Structure formats: structure tokens, C-alpha cells
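**Q** I'd like to ask some things about the structure below.
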Amino acid sequence: MKVRKLDRWLLTYSFLIITVVAITISSRLLFNGDVFDFDFHLYQPDGAVYTYLTLKWLGNSHVSAAEQVIAWYEIYAEPESNLSVDFFDRNKNPGVWSLAAFRILYSLLSMPFVAIFGIQGMLFVPILSLIILFFLISLKAWRNKNPLIGLILISLLSFSPTLTRWYISNITDGLLATLFAFLLLIPMTSRVKRHWAVLGILILLTSFTRFCAPYWYAIAIFLLIVKKRSSSIFVFTLSTLFVIPTLWSKPDPGSIVAGVDGGAIDKLLYFPVSAIKIFFIEGAQLAALDRPLLLIVGVSVFLSLIHFKSPTSKLFLVIFLAGWFIGSLNGVLGVNFRYQLPLIPFASLVFIEMLKVTTDRSFRNILLVGIEKDDKKL
């Protein structure tokens, strides 16, 4: 009898998750474009480069690939994209290509979908990334015997315009966040050595998705804090090795700490100002546009601070700081939490580990905050 009840509950749980995912994806595909002067199109400016690369690797000439992207963007993208054939020329537009030179994973994965469906095939990898993210969160919640929190969390995320904006677009951000979400399945405080191969693969894949070394350095610091020294050295060394090609491509200095002109010293001195601006602007933008995501992040920060001794808290907080650092390093204001997107899986982990839904009818016990022991395994 208990087995049958478990099977029915698992079937119901799976059905609800699938329903939420289907509604989220459908609503994003059906309703997109300019929203209050924000670009919520499915095809983003950065995506033009990845789309061009995919078409090139499928055998199109430089001019043919560029003209296909330009024609597509004139219809389906923000009207002020103003693309030209010269935009896709590495010699005439070195700033863009220095940044995108080693962001190859998304374009590689998109090749079979674009070969079959055309340019709209660029949306398949982002959509699959969102599905996998929700699956990993729900799986982690189920394993922790906390499925209701998993369902609540996924429902909140499905209401996030920020999440759907950056996930279901022809850019790399959703793919990057989902690759980090696979860390939810790795026990980061015990037997982590057994998962070095998985960690190595994730470091490789994320490094060739977009610049993310600060996140891996944060994870290395966390492993050092929880006394996993050899694993920390492994993560730090490998992430440094794989970030070298990106640094070697000499990214445009103007893309680093935007908002101030001058050399390295000027940018270094301005960095604290950039960090303060990013913190307040990103928070204010979420408050205005995306309260569900602000709730998730805010509650995660609160829980992590009051249960600071928990490994889960330490992991979330170092990832939070890494995301803040990357946003401050870029310095562009009002990017709507884009550079902090990998924080979402770790915020989800905080919810799953520290919140419990009970059958107690008293309001104060509906959400029980806390964990059993400070050394609780992730």
C-alpha cells in the first residue's frame, strides 16, 4: 500500500513539474518582444554572433551566414539591432570576436537543431537547459525528501521574467547556469574526490560557454573552507588552465569595468564604485521587474546568514559574491541579473536544505527554518 501511495505521489509530482515547465516555455515563446522599453525578444544582440558561428560551421560562407542572420534579426529581433556584414568580420569588429572567440559550446550543441529547423533551432539548447534546470532542482528536492519545497521553488522560478528572458533566448547564459546546476548532484563535503572527473568536465564545458572563472574560484575557496584541500587545488588549477584561452584572446579593455575610461589603475580604483552601483541597481531592478526572483535570492541570503555554519550557506554565499564580482567587473548597469544567473541553482539548494513544509496547521510551523546539523551533507 505504501509503495502504491509513493508511486501515485511521484506520478503527481512529475505531472505538476511537467505542467509548470510546459506553461513557462509556451508563455515565453508566445509572448515576447519589447516590454516597457526592455528587450525581451527571443533573439538577443549577443545571439547574432553565436547564430553566425553555427551557420558557418554548418558550411555557409561568411557572407551567406551573415546575411541570413541579418535578415532574421530584421524580422524577429529588436528593431535597433542594426547588424551589417561588417559586424561579423573578425578584422573589422575585433572587440566582439575577442569576447566570443572561445564561447563555442552553445554553437556546437546548436548545430544539429539549426541544420534541421533553421535559425529558430538556436532556441532548442536554451529550452532544453531550462527543462534540465527544473529537473535537477526537482530531483534534488525529491532526494532530500522535500518535494513540496521543490515544487514551490520551481513555481516561483516559472513566474520570473528574468529567468525566462535569459534562459529562452539565443544566448549562453541559461546553458551556463544549468551546467552549474549539475553540482547539486555532487556531494561537495564528502567523497568529492570520486567526482573529480565530473568536476573537470563541468569546468571544461562552462569555460567554453562564457567567462565564469570567478564562480569556480569561489567553489575552490568553499572546498578549502570545508577542508577538501586537494579538491580545492584541483578546481582552482583546472579552472585557471581553461580560462587562459579567454584571457589570451585579449578581450576589449572597454568591456572591463565599463563606466570609466582610462587604464588599468583607473579601472581598479573605480571597481568599488562599480560594485556598489551593481548591487543597488540589480536589486532595484529585481524589485521593480521580478519580485519572485528577488524573494528567492533574498530569502536565500537571509537563511545563509542566520545559518552561516552550514556548508550549504557557505557555498551559496561564495557563489553570491562571485556573481557580484563578475557583474562589477563588467560594470554595465541594469543587465537584469544576467551575470548572476548561475546563482539560481545554489539559491535553490538553500531552499531545499533549509525549508520544510509540514502538515502542522499552525502558521508558525508551516515553514520550518533550519537544518539538523551544521555538517549536513550537500
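The values are calculated or read from the model by the stated rules, or taken from the named source; none is laboratory data. Source: prediction; values computed, not measured. Quick reminder, even Gly has a Cβ in these numbers, built from the backbone with ideal geometry, and neighbours come from all protein chains shown.
**Q** If you go through the stretch 303-330, how many residues are closer than 20 Å to Ala181 by Cα and charged (D, E, K, R)?
**A** So the count comes out to 1.
**Q** Moving on. Sort out which residues of the stretch 192-241 are surrounded by 19 or more Cβ atoms within 10 Å (Cβ to Cβ), free of Cβ contacts under 8 Å to residues at least 24 places away in the same chain, aliphatic (A, V, I, L, M) and farther than 20 Å from Arg103 by Cα, and write them in order of number.
**A** Ala220
**Q** Assess whether Gly150 counts as being part of a helix (DSSP H, G or I), touching a residue at least 12 places away in the same chain (Cβ under 8 Å), small (Gly, Ala, Ser) and in contact with a Lys or Arg (Cβ under 8 Å, 6 or more places away or on another chain).
**A** Details: part of a helix (DSSP H, G or I): yes; touching a residue at least 12 places away in the same chain (Cβ under 8 Å): yes; small (Gly, Ala, Ser): yes; in contact with a Lys or Arg (Cβ under 8 Å, 6 or more places away or on another chain): yes.
When the stated conditions are applied, Gly150 passes them.
**Q** Given the conditions (1) under 22 Å from Phe38 (Cα atoms); (2) more than 18 Å from the chain's Cα centre (by Cα); (3) surrounded by 12 or more Cβ atoms within 10 Å (Cβ to Cβ), which single one is not true for Val299?
**A** If we test Val299 against (1) under 22 Å from Phe38 (Cα atoms); (2) more than 18 Å from the chain's Cα centre (by Cα); (3) surrounded by 12 or more Cβ atoms within 10 Å (Cβ to Cβ), just (1) comes out false.
**Q** When the residues of the stretch 311-351 are filtered to those that are among the hydrophobic types (A, V, I, L, M, F, W, C) and not in a helix (DSSP H, G or I), which remaining residue is surrounded by the most Cβ atoms within 10 Å (Cβ to Cβ)?
**A** Step one: of the stretch 311-351, the residues among the hydrophobic types (A, V, I, L, M, F, W, C) are 315-322, 324-326, 329, 332-333, 335, 337, 341, 343-344, 346-347, 349-351.
Remaining after also requiring not in a helix (DSSP H, G or I): 332-333, 335, 337, 341.
Details: Val332: 15, Leu333: 15, Val335: 16, Phe337: 25, Leu341: 22.
Once the filter is applied, the top-ranked residue is Phe337.
**Q** Could you list, in sequence order, all residues of the stretch 6-45 that are surrounded by 15 or more Cβ atoms within 10 Å (Cβ to Cβ) and touching an Asp or Glu at 6+ places or on another chain (Cβ under 9 Å)?
**A** Asp39, Phe40, His41, Tyr43, Gln44, Pro45
**Q** Listed residues Val114, Val85; which is closer than 25 Å to Arg165 by Cα and either at pLDDT 95 or above or not charged (D, E, K, R) (or both)? If you could, list the steps in order and put the result at the bottom.
**A** Numbers: Val85 fails: closer than 25 Å to Arg165 by Cα.
Testing whether each residue is closer than 25 Å to Arg165 by Cα and either at pLDDT 95 or above or not charged (D, E, K, R) (or both) leaves just Val114.
**Q** Related question: Please indicate, with yes or no, whether at least one residue in the stretch 243-263 is surrounded by fewer than 14 Cβ atoms within 10 Å (Cβ to Cβ), at pLDDT 90 or above and in a helix (DSSP H, G or I).
**A** Looking through the stretch 243-263, at least one residue is surrounded by fewer than 14 Cβ atoms within 10 Å (Cβ to Cβ), at pLDDT 90 or above and in a helix (DSSP H, G or I).
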